[in-house]
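Everything on this sheet refers to the single structure shown next.
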Amino acid sequence: MRINIELDDAEVLHAFNALRRASGDLTPAMRDIGEALLNSTRERFNTERDPDGNKWADLKDSTKARKPRNKDKILTRDGDLRRELSYREGPDFVEIGSPRVYASTMQFGAQAGAFGATAQGQPIPWGDIPPRAFLGLSDDDRERILEIVLDHFRAA
């Protein structure tokens, strides 16, 4: 599954276009943006907040009881979701995401039974999962992207 979040910010797009005209290849800027977004996305696991600064929904007691470790950490059991975040860049794009199959469920949430039932008739998931957005752009991310593009523009 692929999740795309597109940036539609006039100031940032203007800076990208100016950089493209000056240097022709935005890959180095995209790489720096990817690193910045990777860092800010990982930080959301520390703060347990979405890109808009809203606190993630608390864990239910039933979820805590089922977790073998990190019982009080939201979106963290073994740390795979955070650890396996990655990005890829190209001459005019950067994508950040997770290869974990459950990443979109954590991002957008799911109702009990949304994915069917077990052979024993138990719903999958067994309970409602609230959305806990970890991917996306914060206002700080937008500012950092603009700084990166302007730094590359000055160096071009």
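The values are calculated or read from the model by the stated rules, or taken from the named source; none is laboratory data. Given the structure is predicted, the values throughout are model-derived calculations rather than measurements. With ideal geometry, Cβ positions are generated from the backbone for all residues, glycine too; neighbour counts draw on all protein chains shown. Note: accessible area is taken over every heavy atom of the protein model, side chains too, but ligands, DNA and RNA are not part of it. Shrake-Rupley method; radii C 1.70, N 1.55, O 1.52, S 1.80 Å.
In table form, for the structure just shown:
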quantity	calculated
Peptides ranked, highest mean first, by Cβ atoms within 10 Å: ranges 54-65, 88-99, 28-39	28-39, 88-99, 54-65
Relative contact order (%) - the range 51-126, alpha-carbon pairs under 8 angstrom, separation at least six	14
Dipole magnitude of the range 42-147 about its Cα centre (Cβ charges: Lys, Arg +1; Asp, Glu -1), debye to nearest 20	740
Rounded accessible area of THR118 (nearest 10 Å², 1.4 Å probe)	50
Unit charges on C-beta of K, R, D, E only; dipole of the range 40-99, Debye	540
Value in Å of the Kirkwood radius, where the range 58-105 supplies the Cα pairs that are averaged	12.6
Cleavage-rule hits (chymotrypsin sites (Phe, Trp or Tyr not before Pro)) in the range 102-156: DSSP loop, at most 16 neighbouring Cβ within 10 angstrom	TYR102, PHE115, TRP126
Extended-chain gain in nm, criterion 0.36 nm per residue less alpha-carbon gap, ASP52 and ASN39	3.1 nm
Nonlocal amide H pairs with ARG49, under 5 Å, H built at 1.01 Å	TRP56
Cubic angstrom per residue, convex hull over Cα atoms of the range 58-156	138
